[in-house]
Each structure stands twice: as C-alpha cells, then as structure tokens.
Amino acid sequence: MKGVILAAGYATRFLPASKTIPKEMFPLVDRPAIDFIVQEMVDSGISDILLVSSRRKKVMEDYFDREVELSSAFSQSNEIEKLEVIKPSKANIFILRQQFMMGTGNALMLVETFVDNEPFVVAYPDDIVLGKNPLSRQLIEAWDKTGDNVLCVQELDEDQLSRYGVIEPEGSGNIVKVKKMVEKPNEGKAPSKFVSFGRYLYTPEIFDALRISDKNHLSKSELTQTEAINILAKKGKVSALKFEGKRYDLGDPLGYLISILEIGLQREELKQSLLAEIRKLLALYERS
C-alpha cells in the first residue's frame, strides 16, 4: 500500500511565517511536523510516499534528500549520533507539485497514476496522532475488515464541531458505517459529534467519485473531497474508524503551541526543565 501526503496549501493562519517557510516544516521541538507523518507511514509498512507539494515548498522536498555536506562533516569528525539524526527516511519519497490551488479534491485527482489502482492512505499534516499502534496501520487494519474507504473519527464537544467535517454514523462499535458527512455544520445542525480528522484510506473508487463531484461542482470554491465521500457513502462504501492515540492539532497557532509543549514534555531530557519553566511562567502571569 502507498501513502499520499497533501501539503500544497497556503497555511494562511500562520502568516507571515508561512509566507516563506512551509507550515509542514515548522518544528515540533527539533523535528518538522511532516517528519512525524512520514514516520507514521513507514511504521505502518508503507514504503512509497507521494508528497503533493507546490513551488513555494522546495525546502520540504530537500528535507527528505540526503544532506551531503553535513554527512561528510560528521563522518570526518566521527560524530555517529549526528549522522543518525540526519539520515534520510527509509521511505521512497516522491514529489508532485499541484500547480493550481484548486482544493483537496483536485489534489487527490492528481495522484491516481501514482497509486496504480490500489488502496492508499492519505494524510493531512494538520493532524499528528501518536500512540502504540500507528494511525495509518489502524486504517489499514480497518480496511482489511471492511474493504471500505475508511475515515478516522473522534468525538468532540458540540462547540467544536463547526470547524470540521462531521459524519452521520450508522451502527455502533469501533468501526461504523458512514451515511454522510457534513462539512463545517452550523451550530445545532451537526449529524453527530464524530468529526473526521486528517487521515483517510481510499480505494480506487474515490477517483470516479471525484470526477463526478468535479463535473457537478458549480460553485467557484475549491473542490473538496467531501462530495466524493458522500457519493461513496450513499453506496454503502464508507466506514469510519474511532481511532486510538493522542491527536495533536497543528491547524492553528494555539494548537501548534500546545503540541510543542506536550511533545516536549514527552522527551525525558527536556521534561523536568520544561516543567520548571512552565511553572515559572504560570506564577508570573497569575500575578499579573
């Protein structure tokens, strides 16, 4: 199975930094966010990964290349630990540039040749999930059981639902059928409290559904994947997985800051010093 990471967007919530630095390269302590996604896929048995990028993001492409100068310098000085840190990913990384920002649906249509008529996992770098069982592997296991297109979902509070695609589930258990998905529902109009996050496993059926939704797409807005998902859901071909693991929301500055702190606290060499600094800051701002 192959993996696709959709990383061509503008990341306007992070301007002005994202004007020149891809949001996917923002560090979570000392690793860029996209590196966590690639590692998740590798740990799930996925070796061929396509990055859908854009012309402003060459630094992201370079990150997954071999760093010749540093490798040479560290080899000469016998700094083995540093060599280990900068070694390229075990994955085969492929790059495809989305030349026109026409939405996630358009980006998905571009990957059809790459996936070669096989199921594939799609990731959005806004969401990182860490846990014992990598999220992409959880999706693959759910597909093994259902044969469906599979969405990752998690239950949220009512006041958060308007930011996400919300599913109407059918049945109970860890894996449920999806009757439909409503994108960013108005308050009180959500079909459930289960929202779809940034991982999907699609079968090749998604491409015909995307072509249908593209043909019927009348508005001037970007083509999303939601219309195609609903086409397949009407045919009973979409399931949702209530996934396991801790989700880190990198979609806005606050979520990004919280994620840095939480991931930093998981690092034993940083934990105590970071906690001490957090306590100092809390004491300072509680007095002000």
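Since every read-out is calculated from the coordinates, none of them should be taken as a lab result. Fair warning: this is a prediction, and the values are worked out from it, not measured in the lab. Positions of Cβ are generated from backbone atoms using ideal geometry, with glycine treated the same way; all protein chains shown enter the neighbour counts.
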### Query
Once label points are set 7 Å from the Cα along Cα→Cβ at both E118 and T12, what is their separation, rounded to one decimal in nm?
3.8 nm
### Task
Note the per residue figure in Å³ for the convex hull of the C-alpha positions in segment 89-180.
166 Å³
### Query
Taking the Cβ of I231 as the center, what net charge do the other residues with Cβ under 13 Å away carry, scoring Lys and Arg +1 and Asp and Glu -1?
+3
### Task
Subtract the Cα-Cα distance of K246 and T20 from 0.36 nm times their separation in residues, and report this length gain in nm to one decimal.
78.4 nm
### Task
Please compute the net charge surrounding F74, taking Lys and Arg as +1 and Asp and Glu as -1 over other residues with Cβ under 15 Å from its Cβ.
-2
### Query
What does the charge dipole of the chain about its Cα centre add up to, to the nearest 20 debye, if the Cβ of each Lys and Arg holds +1 and the Cβ of each Asp and Glu holds -1?
600 debye
#### Entry: Phi to ³J(HN,Hα) by Karplus 6.51 cos²θ - 1.76 cosθ + 1.60 over segment 178-191, Hz, x for Gly, Pro
10, 7, 6, 10, 10, 7, 6, x, 5, 4, x, 10, 5, x
### Query
Using modelled backbone amide H atoms (1.01 Å from N, in-plane), which distant-in-sequence or interchain residues come within less than 5 Å of K237's amide H?
none
### Query
Residue farthest toward the positive end of the dipole of the chain, with Cβ of Lys/Arg at +1 and Asp/Glu at -1: which of I49, F26, L254?
L254
### Query
According to the Kirkwood expression over distinct Cα-Cα pairs, how big is the hydrodynamic radius of the chain, in Å?
20.4 Å
### Message
If the elastic network links every pair of Cα atoms under 10 Å, which of F64, F100, F197 fluctuates the most in the Gaussian network model of the chain?
### Response
F100
### Query
Per the helix-only calculation at 222 nm, which mean residue ellipticity applies to the chain, given -39500 (n - 2.57) for every DSSP H run of n ≥ 4 and division by its residues, nearest 500 deg cm²/dmol?
-11000 deg cm²/dmol
#### Entry: Karplus 3J(HN,Hα) series, Hz, for segment 2-14 with 6.51 cos²θ - 1.76 cosθ + 1.60 (x for Gly, Pro)
9, x, 10, 10, 8, 9, 9, x, 7, 6, 5, 5, 10
### Query
How high is the relative contact order of segment 2-251, in percent, counting Cα pairs under 8 Å that sit 6 or more residues apart?
23 percent
### Query
Under a GNM of the chain (C-alpha, springs under 10 Å), which listed residue has the highest mean-square fluctuation: D208, D48, D159?
D159
### Query
Can you run phi through the Karplus equation (6.51, -1.76, 1.60; θ = phi - 60°) for segment 100-110 and list ³J(HN,Hα) in whole Hz, with x for Gly and Pro?
10, 7, 10, x, 5, x, 4, 4, 5, 4, 6
### Summary
Among the DSSP H helices of the chain, those whose Cα atoms extend at least 27 Å along the helix axis and whose mean Kyte-Doolittle hydropathy is -0.5 or higher are 268-287
### Among S162, L70, V115 - extreme Cα towards positive end, dipole of segment 22-165, charges at beta-carbon
L70
### Task
Mind listing the long-range amide H neighbours of R97? Cut-off is under 5 Å, sequence gap 5 or more, other chains count too, H placed in the peptide plane at 1.01 Å from N.
S53
### Query
Which of rounded, prolate, oblate describes segment 1-145, given a ≥ b ≥ c as roots of the alpha-carbon gyration tensor eigenvalues and a/c under 1.5 marking rounded, otherwise prolate only if a/b is larger than b/c?
oblate
### Task
Output the direction-averaged projected area (hull surface divided by four) of the convex hull of the alpha-carbon atoms of segment 133-242, in nm².
7.1 nm²
### Task
Would you mind getting the Kirkwood hydrodynamic radius of segment 15-63 from its Cα pairs, rounded to one decimal in Å?
11.7 Å
### Max mean-square fluctuation residue, GNM over the chain, Cα-Cα springs under 10 Å, options E81, E168, E222
E81
### Message
Expected output is a single nm value to one decimal: the length gained when fully extending between L257 and E277, i.e. 0.36 nm times separation in residues minus the C-alpha distance. What is it?
### Response
5.7 nm
